[in-house]
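Chemist: Mind having a look at this structure? Questions to follow.
The values are calculated or read from the model by the stated rules, or taken from the named source; none is laboratory data. Please read all numbers here as calculations on a predicted model, not as lab measurements. With ligands, DNA and RNA removed, areas are computed over all heavy atoms of the protein, side chains included. Shrake-Rupley method; radii C 1.70, N 1.55, O 1.52, S 1.80 Å.
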Amino acid sequence: MGKKLLLQNIDVPGINTYEVYRKTGGYKSVEKVLEQKNPDAIVEEVKKSGLRGRGGAGFPTGMKWSFLAKPEGVARYLVCNADESEPGTFKDRYLMEKIPHLLIEGMITSSYALGANTSFIYIRGEYFYVLRILEKAIKEAYENGWLGKNIKGSGYNLDLYVQVGAGAYICGEETALLESLEGKRGNPRIKPPFPAVAGLYGCPTVVNNVETIAAVVPIVNDGGDAYAAVGVERSTGTKLISASGHINKPGVYEIEMGVPVEEFIYSDEYCGGIKNGKKLKAVVAGGSSVPILPADLILKTAAGNPRLMTYESLADGGFATGTMLGSGGFIVMDETTSIVKNLWNFSRFYHHESCGQCSPCREGTGWMEKILHKILHGHGTIKDIDLLWDIQSKIEGKTICPLGDAAAWPVASAIRHFRKEFEEYVNNPESIQDVKHYFNVHNVAEA
Amino acid sequence: MKNIEFSEETLKTIREIINRYPEGKHKSALIPILHIAQSEFEGWLSPEAMSYVAEILNIEPVEVFEVASFYSMFNLKPVGKCVIEVCHTSSCWLMGAEDVINHIGKRLGIKPGQTTSDGLFTLKTVECLGSCGTAPMLMVGADFYENLTLEKVDTLIDACKSSGKSSSYLVDKMLG
Ligand SMILES: Cc1cc2nc3c(=O)[nH]c(=O)nc-3n(C[C@H](O)[C@H](O)[C@H](O)COP(=O)(O)O)c2cc1C
Ligand code: FES
């Protein structure tokens, strides 16, 4: 069994309640930082830990914190990103539902480190029942003196609120999230200025993912060095992986960074192998946005080394033969999966979720969806495959926020690794039997 | 059509929400209030409801519309009493979401985006709801139904029919 730093107590009965959480050592990190009264020392420990943002981009958390501007007399904010909308990702939901006080403890400790007196958890609207769980836990934290005025006699004040979204993938992008939190449409902002300088209400702001903030708790408790001792290379600590698709044991797994991908897929400790004894065809390893890899390249790098669950190993070979750890949304596809059909599904998603600000993304995602629909239904040409490639290359890197890249990479990687399958759809349309149309009915009101 | 007006109790909750934000930043309360409005006013946001919310926040109605129209959870047209939202993204898709959607559609005689003529059901397709490990899944109100089979779907539809289960979820959940 690998080391666990976040979910080690997940099976303790009642761990979702304040009493049990406290009995297992909960809120110790808050006691520690309030006693030490040295916020900068916390930032140093986080730097030492090597913790990288768990929301997808993997930016070093300690560094992000040290960029926070601290002008005199201006409020600072910590905003937790609990929007979790990247397809294939459900770890934050699991953590918040099962052990909500871990996030709240992390929010208090992190807010103290950053000097924030008001903090927000921005949660996607569809997680309504989780919002209720968090609100209950926050109430318990207030009642026990961990939130509010003069926390445990330290003179430190902190209010913590949960803000609800209303269905928009783009609001997971940090500046869109801030716009949404200000009561506006979720249109990403042009950077700079970065949120660290001008974020929520124009004030210095740190935005961090749920899992990132939870990881601050073991870092403060045991020190940055102890955290950095877990994992390999620049992938320190543990990572929550959301495993789904054609596997025997889907679910959320806390892994020590460095577990071989092959072990993760086939070991009974994790995914337990491919469902129904089928063969592995492909994996999307880090949420729908990262490049898809065929079985041989996800299990081994192009150089023939075992692929590991780390930022570096998954990225080995660049986009030519590698992918990204991303959010840790690990989607497994068996040999019966149609890559073309799956890609059309992803492209439909990105078209639906584009905020519409940048033309390459707004128009390009729609074109890609249409072309894929055409190919999928047996009306495609070889030129269409090239056109798809051309379009994705003209979206990547040409938009305000990385949603454009996220829409382009799945298309590029699917064509790169599975071009033959696209050609098969074009050359032998009669071989396509699995295309269903939503059936037609009449005389019903359009909602 | 219900009167477009919140109860005293709801208004109290709304004032509490507004007080979370710094002075002058009360527009931050818009999305939470729209959720309440949608649940109190029959599951959708009519132009009257949006104007009413604008009045409460002292902003222009168009500012409310601009926001309401951006987010997929807000319905700008009337919906059935029970809104069935089926995830049709990646993992759910791999695990049979298409069959679930077609099954519900056939049983109710509607396509995604439509409402049954008796006003009981609306069928919506939605993007990944973070239940990919328990796919396929659907949501009614605030409740997740996971690891779906067609039998489970039938049981749910029957239950909705006989109980008149309503997805005006936030009424009890947000104010409970
Ligand atoms: C389109 C898009 C969607 C995103 N969705 C999420 C999300 O749901 N949750 C999240 O934590 N980060 C998401 N991110 C990344 C955030 O912009 C940001 O990098 C992150 O919240 C920073 O926290 P971290 O450093 O702790 O990872 C998204 C980014 C993009 C471009
Ligand atoms: S793909 Fe359906 S819940 Fe994630």
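Chemist: Just the number, please: carbon plus sulfur as a percent of the accessible area of the range B:8-70, 1.4 Å probe, no ligands or DNA/RNA counted.
Modeler: For the range B:8-70, the apolar C and S fraction of the accessible surface comes to 49 percent.
Chemist: Of A:K4/A:K281; B:K124/B:K161; A:K48/A:K239; A:K275/B:K124; A:K370/B:K77, which sit over 19 Å apart, Cα to Cα?
Modeler: Over 19 Å apart, Cα to Cα: A:K4/A:K281; A:K275/B:K124; A:K370/B:K77.
Chemist: Working from Cα positions, state the angle (0 to 90°, nearest 10) between the long axis of helix B:47-57 and the longest principal axis of chain B.
Modeler: The angle comes out at about 50 degrees.
Chemist: Which aspartates and glutamates have a Cα lying under 12 Å from the Cα of A:K136, excluding residues fewer than 8 positions away in the same chain?
Modeler: Within reach: A:E97.
Chemist: Would you mind classifying the range A:190-247 by shape? Square roots of the alpha carbon gyration tensor eigenvalues, ordered a ≥ b ≥ c; an a/c under 1.5 is rounded, otherwise it is prolate if a/b is larger than b/c and oblate if not.
Modeler: It is oblate, given that a/c is not under 1.5 and a/b is not larger than b/c.
Chemist: What do you get for Rg/Rh over the range B:8-70 if you use C-alpha atoms and the Kirkwood form of Rh? Intermediate results must be reported in sequence, preceding the final value.
Modeler: Numbers: Rg = 10.9 Å, Rh = 11.7 Å.
Rg/Rh: 0.94.
Chemist: Taking square-rooted eigenvalues a ≥ b ≥ c of the alpha carbon gyration tensor, is chain B rounded, prolate or oblate, where a/c under 1.5 means rounded and, failing that, a/b exceeding b/c means prolate?
Modeler: Prolate, because a/c is 1.5 or more and a/b exceeds b/c.
Chemist: Shape call for the range A:47-105 from the C-alpha gyration tensor, a ≥ b ≥ c root eigenvalues: rounded (a/c under 1.5), prolate (a/b greater than b/c) or oblate? Before the final figure, lay out the partial values.
Modeler: On the way: a/c = 2.05, a/b = 1.60, b/c = 1.28.
Cα axes put the range A:47-105 in the prolate bin.
Chemist: Leaving out ligands, DNA and RNA, and with a 1.4 Å probe, what % of the accessible surface on the range A:124-267 is carbon or sulfur?
Modeler: C and S atoms contribute 53 percent here.
Chemist: Just the projected area, averaged over all directions, of the convex hull on the alpha carbon atoms of the range A:271-357: how many nm²?
Modeler: If I average the Cα hull's projected area over directions, I get 6.7 nm².
Chemist: Something else now. Considering amide H positions built from the backbone, and no H for Pro or chain starts, which residues 5 or more places from A:L147, or on another chain, come under 5 Å of its amide H?
Modeler: Residues meeting the amide H criterion: A:Y142.
Chemist: Tilt of helix B:30-40 relative to the longest C-alpha principal axis of chain B, in degrees (0 to 90, nearest 10)?
Modeler: Relative to chain B, helix B:30-40 is tipped by roughly 60 degrees.
Chemist: If only Cα atoms are counted, what is the Rg of chain A, and what is its Dmax, in Å?
Modeler: Cα-based Rg and Dmax for chain A come out at 22.6, 75 Å.
Chemist: Taking H placed 1.01 Å from N in the peptide plane, check which residues at least 5 places from A:L68 or on another chain put their amide H under 5 Å from its amide H.
Modeler: When sequence neighbours closer than 5 places are left aside, there are no close amide H contacts.
Chemist: Evaluate Rg over Rh across the range B:82-167, taking Cα atoms for both radii and Kirkwood's formula for Rh.
Modeler: 0.93
Chemist: Right, another one. Under a straight-distance cross-link criterion of Cα-Cα below 16 Å, which aspartates and glutamates are reachable from A:K279, leaving out those fewer than 8 residues away in the same chain?
Modeler: A:E262, A:E263, A:D296, A:D334, A:E335
Chemist: Then there is this: Considering just Cα atoms, how many Å³ per residue does the convex hull of the range A:141-203 enclose?
Modeler: It is 107 Å³ per residue.
Chemist: Using a Cα-Cα cut-off of under 16 Å, which aspartates and glutamates could be cross-linked to A:K394, ignoring same-chain neighbours fewer than 8 residues away?
Modeler: A:E363, A:E369, A:D384, A:D386, A:D405
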